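For reference, the structure discussed in these notes is given below.
No value in this document is a laboratory result; all are computed from the given coordinates. Just so you know, these numbers come straight off a predicted model, no measurement behind them. Glycine also receives a Cβ, built like all others from the backbone with ideal geometry; neighbour counts cover every protein chain displayed.
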Amino acid sequence: MTAQQEAWFTSALAAPASDESVAVDGARISYRAWGDRGMPGAVLVHGTAAHARWWDHIAPFLEADGLRVAALSISGHGDSDWRDRYSFDQWAAEVMAVASSAGISGPPFVIGHSLGGHIALHAAGRYGDALAGIVVIDSPMFEGPPPPEVSASARGMGAQRTYASREAILDRFRLIPEHPVLPYAREHVAACSVVRQDNGEWRWKFDQGLFTRMTPRPVSSSGAERGKCRAAVLRAQQGIMTREMSSRLRARLGQGVPVVEVPGGHHVLLDEPLSLMTALRAVLACWTAEGSG
């Protein structure tokens, strides 16, 4: 925390929340929840190497709109268990299990950032009829292999490094890609991204070998493409989802799908969270007004 952080951010972090978990196919999946059980709700899905706490300053605003909100750490991330193998099928199943465990009433909204957006699309493919809608936030849509800098970042995650002190590991915290963000938001997620091991050393809260044990996402149509659930796309103006990518995704999902540009870079949750919240709340309010049909 810093003395300079905005009052809204401090207030959001102080909002009542519960830390819970659910077993999914032999792994304990942790999630953080806001709001009352039995209400309509949303499941928030983070990006690669992130975790549920990236949403700490976003979720309370959605809860204020009458939603039960659950932010999960997918397996291999945060406080959730690691697996021998990872897949989009498994991660989508974890999303649905968290929605049920959290007591969300009716079909949930699924909101995903970056990798989380791909998980939301995959969940729509498998469970589209059981979803109220998905929101994809700055998820890159590559045709063919990803560019070299993305592949290099994935390879660099392969070695499970440890550090002698909390200060040493936090000094190594980096965003991929790196770009300016709110310093107090960065400080918060960094502090929640590390854990002290039994031997006294510190490590990151994600399985750095997950890309070597991951089943590629199958090429199949999303449930949103088949009209089974609503969809919206939020593109960060300085992010990694280009206009061409968002247009291509919109063509797949249908021309009625809104594509909204929000200020900021790829890590828009930490860069322009208020703009992101405004866009998210507007989309969900429109869908709620339309009803779940």
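Per DSSP H run of at least 4 residues, take -39500 (n - 2.57); add these up for the chain, divide by its residues and hand me the 222 nm value, nearest 500 deg cm²/dmol.
Rounded to the nearest 500, the figure is -9500 deg cm²/dmol.
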Max mean-square fluctuation residue, GNM over the chain, Cα-Cα springs under 10 Å, options 190, 123, 70: 190
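Please report the equivalent ellipsoid semi-axes of the chain, computed as sqrt(5 x eigenvalue) of the Cα gyration tensor, largest first, in whole Å.
Values: eigenvalues 144, 96, 80 Å².
Semi-axes (√(5λ), whole Å): 27, 22, 20.
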Top mean-square fluctuation among 170, 115, 72, Gaussian network model of the chain, C-alpha springs under 10 Å? 170
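How big is the charge dipole of the chain about its Cα centre, in debye rounded to the nearest 20, if each Lys and Arg gets +1 on its Cβ and each Asp and Glu gets -1 on its Cβ?
Values: 28 positive and 30 negative charges, 114 e Å.
Computed charge dipole of the chain: roughly 540 debye.
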Extreme residue, positive dipole direction of the chain, given options 276, 10, 214 (C-beta unit charges): 214
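What full-extension length gain, to one decimal in nm, is calculated for residue 243 and residue 15 as 0.36 nm per residue of separation minus the Cα-Cα distance?
Working: separation 228, 0.36 × 228 = 82.08 nm, distance 3.55 nm.
Length gained, residue 243 through residue 15: 78.5 nm.
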P(r) histogram, all alpha-carbon pairs of segment 1-105 included - 10 Å bins from 0, percent: 16, 46, 28, 9, 1
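Just to be sure I understand: of the beta bridges DSSP finds with both ends in segment 161-268, what percent are antiparallel, rounded to 5?
Numbers: 4 of 9 bridges.
Expressed as a percentage, antiparallel bridges in segment 161-268 total about 45.
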Would you mind listing how long segment 188-289 runs along its three principal axes, going by Cα atoms, in whole Å with the largest first? 54, 34, 28
